[in-house]
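Data block below; observations after.
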Amino acid sequence: MSEIMTGIIGLTVLLLFFATGIELGFAMALVGFVGFGYLNGFPSAMSLLSRDVFEVITNYGYTVFPLFILMGQIGFNAGIATRLYNAANKFIGHIPGGLAMATVIGATGFKTICGSSAATSATFAGVAIPEMDRYGYDKKLSSGVVATVGTLGVIIPPSVTLIIFGIITEQSIGQLFLAGIIPGLIIALLFIGIIYGWVKINPAIARTSQKSTWKERIRSLPEVFWVLMVFLLVIGGIMRGFFTPTEAGAVGTFAVLLLASVKRDLTFKNYLKSVQEGLRTAIMILMLIAGSTILGHFIAITNIPQQTAEWIVSLPLNRYLILILIFLVYEVGGSFIDDLTFMILATPIFFPAVLKLGFNPIWFGITLGVVLMIGVVIPPVAICVFVVKNITKIPLGTIYKGVAPFLIALVFIWGLLFLIPQMALWLPSLFY
Amino acid sequence: MTRPFDILRFICKLLSYIAGTALTVMMFLTVADVFLRAGGYPFVGTYEIVSLLLAVVIGFGIPQVSLDKGHVFMEFLLERFSQRGRNIMNTFTRLLCILLFACIGYNLILVGASYQASGEVTATIKLPFYPVAYGVAFCCLIECFVFIYDIVIIWRGQYE
Amino acid sequence: SAATVTKLKAANYLPITHPMSLLTRWFCDEVKKRSNGRVEITYYDGGTLLNPVKMYDGVLTGIADLGFSHIQYTRGRFPVTEVFDLPLGFPSGWTATAVATDFFNKYKPSDWKDMHVLYLTTSGPIILQTTSKPVMNLSQLKGLKIRAVGQMSDIIKALGGVPVPLQMPDVYDSLRRGVIDGVVVDLSTLKYWKFAEVNKNVTADWQLGTGITFYFVMNKGKWEALPPDIQKIFSEVASEAREKQAVLWDKMDIEGKDLLVSQGGKMIYLSDTEAAAWVKAVEPIIGEYKKNMVAKGYKEAEIDGWMTYIKERIGYWHKEQKKRGIPSAF
Ligand code: NA
Ligand code: NA
């Protein structure tokens, strides 16, 4: 059986496997393991299996998962999240969907710090959804927001994705960072607009509060003053270079822990509970990543990415159509294995063709970023959606009803980037 | 059969407490390093200790998460099966998972042995990798027992 | 006939655009060409099959059949070859590669007994790059936070700096934000890791001359299964690839240096007395290595013999490089 055929059968089996109710991460590991063994011999597949797992669980960068989720859980169990949402409600609760908008802004800022879409969704799933629940927000809306908002940071700097893209393709990372800002902010604004429009059309999905007086608003501030100070401290610490975004997880957790202890909001029992929750979610995410790493290595040796790329590039089509096909490959590939992994796999193959077709490399990087954002939330492997489902036990169908409008926004921006490349290229053109 | 499973549950809990402790240590160590570095005296080993601690956090926590059904899976198709069909399907997937973790665990022992034999250590403060590899291998073994436990309770009608 | 085509997999962790990744690709294509298609090597770059840490074990266990990485990713695994991690004064990658080849052929380090080594190549000297604070002498280095891993972190400490180990992909942003003040790497990173965008000062402390030793290895079983005429082709192409790599080190260093200067960065050269002070400051590192090796059962005289041989070869090849007119950054 040819390598490509093996790959196609492997992926088909994987999809069937998903339906058996097996843990997705384990299914990916199994299919990757058996497929790799079939093509390259089982002794090497055994070695691959254990080393990929060991590698994922000793990867320093992945410490962001347990640490940021722990920070969120401590904040939640100490009642800090409740106070934040109470205060936010005083200020913008009277705007339709106001609390969901606040969540978008908060999560975008959070993603900028922690750099991981899945960690952002995980943290906010545990914190923001229960709070929006309390204020009578429909689960569709609250879970949809949380599942998609984590993706924003892919193109808002600092973004690991853009750094790696820059190194693979020899593009200036500084230019890529600048290019991502405007599309990133437009997407954030569009998300806010969608929330407003959705609640306006269907007021039942989010209870709108009475407008508070300025006196009430100001009275709510002391409650959240210290929390805001902690966030400013963390963001400031990163900006000023006191610590890396990865370390910020530990610093933020420590600060929140300190704050909660001083104010006697956190019992030891609640701390343990927070730790268990941090562990649970981090393990769940890392098992998906480990599985998709093993699967990715199997896909790599099937040569499917290379063959598909060569075929597409050779098609006698309009250059825009070829580019759209290229993006579709990223979408499908990134749906099975980790988006970043797939980008590293596919970009070297496609990038020369993209240049030959005459597209601007910086623009391509940002547009690709939007494609990857879409990939994180669409099936079959939609890590951000899984995270939300797993933490909140909200059914997938409900979450997708909530994700849909935001997904449409992402596709819309993607199209807009095609029509107006200046959206990405204008800002860097001022500096370079 | 209850007694061995009490022991299993106890071991999973214990391992997950070790993982939780590792997470706490990871946080304090990183914070201490950030402060010391700001003062010009960083603790150079932090990065490597934290990486190895992550293996403890994740590896040692896996069995408890499996026991709690905390991993991501899809139930939409399974829900349409009869109880008996579900039991067969779940048993089948549990068996595959036993196979998977037995392979991972067995090979991690080999990986640990090769680290031990070659003397490979972390780059800067030269911590050995092999104890962590052995530790995670042990957790894979426990994970296999969790799946066996699953199979037993599936056929006792206590699963889910 | 088609039945006798040997199919192999080669892995490299460097991205496709990196000249050293292109060189591995050249190797694969060239072997196919010269064997008239009897050997086909599928090439996986950018870490898509094996990352640098897993490379050696991956080739050992057959995940890939050939692999390219360097020894600092797996500290302790190649104790004899790690002598090249010491500040021995390699002035250029061309010289260092020639010395490493001689050393390997003369001493046949037991580090590599399980593997067929196609070639070793040692990089140009590891150089100090800083963002905004120029380092002209040791006192200016004092307290600066410098990204360094492994042996280099001991060297930075000995020089009075504060070593900060970070993963390579995190370095760019950490420099940009000032988490670290600089990094010690070879000059080519100014271009190929984009460091010229953030580092504005380069202190040419090549007199320390620590290189990074890369290996291109092949699974022993797969090597032994090749017929002798094919083995001969592999060895010939490997030897040519090593020579190309040797020249490439200096070329990439020069490219990095030129890029830095063209973007307004500054090259800082140490005076002879200053350089001597730097070399003296790192002397204990060499003593430390000897002590560790003696503890592992090597004889002190043996280790001294390696060092003497390396120093002698550096002198020889450095002169040879000048004589042959091979351009070098320093
Ligand atoms: Na980001
Ligand atoms: Na997806």
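As I understand it, the value is the acute angle between the Cα axis of helix C:228-262 and the longest principal axis of the Cα atoms of chain C; what does it come to in degrees, rounded to 10? Between the helix axis and the principal axis of chain C, the angle is about 30 degrees. Under 5 Å from the amide H of C:H70 lie the amide H atoms of C:Y215, each residue being 5 or more positions distant or on a separate chain, with H modelled from the backbone and absent for Pro and chain starts. Counting Cβ atoms of other protein chains within 10 Å of each residue's Cβ and taking the mean over peptide B:94-106 gives 4. Normalised by the number of residues in chain B, the mean separation of alpha-carbon contacts (under 8 Å, six or more apart) gives a relative contact order of 28 percent.
Between helix A:160-169 and chain A there is an angle of about 30 degrees, using the helix long axis and the longest principal axis of the Cα atoms. Eigenvalues of the alpha-carbon gyration tensor of the protein assembly as shown, scaled by 5 and square-rooted, set the equivalent ellipsoid semi-axes at 45, 33, 29 angstrom, largest first. How high is the FRET efficiency between C:S110 and B:R84 when r is their beta carbon distance and R₀ equals 60 Å, given to the nearest 0.05? Computed FRET efficiency for C:S110 and B:R84 comes out at 0.50.
Once you charge only the Cβ atoms, +1 for Lys and Arg and -1 for Asp and Glu, what is the size of the charge dipole of chain A about its Cα centre, to the nearest 20 debye? Before the final figure, lay out the partial values.
On the way: 24 positive and 17 negative charges, 335 e Å.
The calculation lands at about 1600 debye.
Axis angle, to the nearest 10 degrees, between helix A:80-92 and the longest C-alpha principal axis of chain A: 80 degrees. Taking every alpha-carbon pair under 8 Å whose residues sit at least 6 apart, the stretch A:92-231 reaches a relative contact order of 34 percent. Site pair C:K7 and B:L127 shows an inter-label distance of 4.2 nm when each label is modelled 7 Å from Cα along Cα→Cβ.
Spatially, the stretch A:1-41 and the stretch C:304-330 are offset by 52 Å when compared through their Cα centroids. Charges were assigned to the Cβ only: +1 to each Lys and Arg, -1 to each Asp and Glu. The resulting dipole of the stretch C:94-180 about its Cα centre is roughly 320 debye. Placing unit charges on each Cβ (+1 for Lys and Arg, -1 for Asp and Glu) gives the stretch A:3-431 a dipole about its Cα centre, and among A:T103, A:V387, A:V411 the Cα reaching farthest toward its positive end belongs to A:T103. Ranking A:V262, A:L372, A:T148 by how far each Cα lies toward the positive end of the dipole of the stretch A:3-431 (charges on Cβ) leaves A:V262 at the top. Sorted on the mean count of surrounding Cβ atoms within 10 Å across their residues, most packed first, peptides A:305-315, A:112-122 read A:112-122, A:305-315.
Site pair A:T267 and A:M1 shows an inter-label distance of 5.6 nm when each label is modelled 7 Å from Cα along Cα→Cβ. Of all the options B:M74, B:M89, B:M26, the one that moves most in a Gaussian network model of chain B with Cα springs shorter than 10 angstrom is B:M74.
For the pair A:Y320 and B:L141, label points projected 7 Å from Cα toward Cβ lie 6.3 nm apart.
Note on the stretch C:58-167: Cα-only Rg and Dmax are 16.4, 49 Å.
About its Cα centre, the stretch A:206-351 has a charge dipole of approximately 960 debye under the convention of +1 per Lys or Arg Cβ and -1 per Asp or Glu Cβ, with nothing else charged.
Hey, what did chain A get for relative contact order, percent, Cα under 8 Å, at least 6 apart? Walk me through the numbers on the way to the answer.
Numbers: 615 pairs, mean separation 121.7, N = 432.
28 percent.
Among C:K251, C:K142, C:K191, the largest mean-square fluctuation in a Gaussian network model of chain C (Cα springs under 10 Å) belongs to C:K142. What residue among B:L95, B:L78, B:A137 has its Cα farthest toward the positive end of the dipole of the stretch B:2-156, where the charges are +1 on Lys, Arg and -1 on Asp, Glu, each on the Cβ? Checking the options against the dipole of the stretch B:2-156, the answer is B:L78. Spatial offset of the stretch B:31-64 relative to the stretch A:286-308 amounts to 29 Å, using the alpha carbon center of each.
For A:152-161, what's the mean count of beta carbons from other chains sitting within 10 Å of each residue's beta carbon? Please report the intermediate quantities before stating the final value.
Details: counts 0, 0, 0, 0, 0, 2, 4, 1, 3, 0.
So the per-residue partner count for this stretch is 1.
Each of C:T81, B:T46, A:T267 has some number of other Cβ atoms within 10 Å of its Cβ, and from fewest to most they run A:T267, C:T81, B:T46.
Peptide C:14-21 has a mean of 4 when you count, residue by residue, the C-beta atoms of other protein chains within 10 Å of its C-beta.
Each value in this text was obtained by applying a stated rule to the coordinates, not by laboratory testing. These numbers come from a predicted model, not from an experiment. Positions of Cβ are backbone-derived with ideal geometry, glycine not excepted, and every protein chain shown enters the neighbour counts.
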